[in-house]
Amino acid sequence: MRPLPSRLAAGLFALTTLAAALSATAASGAQEAVAFPNHSGTGLALRGGAALAPPKILDFGSDPVAVSRVVADQDGSERRTDTNTEVTYALQAEVLFAKDSALLSGSAQSRIAAIARAISHEQPVRIRIFGFTDNLGSSAHGDALSAQRAQAVRGVLAHRLPPTIAFETRGFGERDPVASNTTEAGRRANRRVEISFSRS
């Protein structure tokens, strides 16, 4: 095994050689590009008079993996997910409603009013409000309660947003959980109201 200074010197020599070779190649390519005039207006042509392809604008809307950003409260009670096509607010039911209730508390109404102010800057034309519950109790009760909670949130938003916005309000009950219903933490995450809309 060679001592460290020798290995370091050899590595630096290899990097210097590689950089010099790349620099020479780039300079040669630039001379070739300049040697052939380009009549397409881009100011640069390739060997044999071939022109550069037109610039391509990436369409993130067609990207199957949406570019997303998630912002959540420290306790996880409220989460905002932004993608290039959609914005979703997810609020845990405990911060909005008492147990087995669809009546919004005063603090919950203030929280939804703040979301309405943020939504107004986006100027959506349609907002979806979906309610969800855990799997405790009957499925029919969960469906009804989640729909009532979604309607309660819609009432606050509709009061604070332009009347031109259309609303879709649905209760999904225990369907579409985001966590396992085998633990209380998972059930708490599943009891939620989601507010979402497409970006203009």
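Throughout, read-outs are computed from the coordinates displayed, never taken from laboratory work. This is a predicted model, so every value here is computed, not measured. FYI the Cβ positions are ideal-geometry reconstructions off the backbone, even for glycines, and counts take in every protein chain you see.
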Charge dipole (debye, nearest 20) of region 60-198; +1 at Cβ of Lys and Arg, -1 at Cβ of Asp and Glu = 320
Measure off 7 Å from each Cα along the Cα-to-Cβ vector at E122 and S139, then give the distance between these two points in nanometres to one decimal.
-> 3.1
Each label sits 7 Å from Cα toward the beta-carbon; between S180 and R199 the label points are separated, in nm, by 3.5
Can you tell me how much longer the chain between V71 and A166 gets when fully stretched, taken as 0.36 nm per residue apart minus their C-alpha distance, in nm with one decimal?
-> 31.6 nm
